[in-house]
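Here the structure comes first, spelled out in structure tokens, and everything after it is commentary.
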């Protein structure tokens, strides 16, 4: 049962993704600025345009 649930979640994740492999991120999306969530007292922001030409990994986690 767990295997089927995991497969369905995996499929739905790709079904509703905004970008696909090989897509280019639009300039508007690159220039968006985001706040850091941790540490909570951080006042700095980041944007993807600062990393143009680099490979980056964005880790997104949540504790429910």
GNM, the chain, Cα, under 10 Å: largest mean-square fluctuation among 13, 45, 27? 13
Assertion target for 15, 6, 48, ordered by fewest C-beta neighbours within 10 angstrom first, is 15, 6, 48
Sorted by packing (mean other beta-carbon atoms within 10 Å per residue), highest first, where do 57-63, 28-34 land? 28-34, 57-63
Along Cα→Cβ, 7 Å out, is where each label goes; now give me the distance between the ones at residue 6 and residue 57 in nm to one decimal. 1.9
Taking 1 over the mean of 1/r across every pair of different Cα atoms in the chain, what Kirkwood radius in Å do you get? 14.8
Is it possible to state the helix-based mean residue ellipticity at 222 nm for the chain, with each DSSP H run of 4+ residues giving -39500 (n - 2.57), the sum divided by total residues, to the nearest 500 deg cm²/dmol? What is it? -8000 deg cm²/dmol
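Quick note: the coordinates plus some simple rules give every number you see, no bench work behind them. Given the structure is predicted, the values throughout are model-derived calculations rather than measurements. Note: ideal-geometry Cβ built from the backbone for every residue, glycine included; neighbour counts use all protein chains shown.
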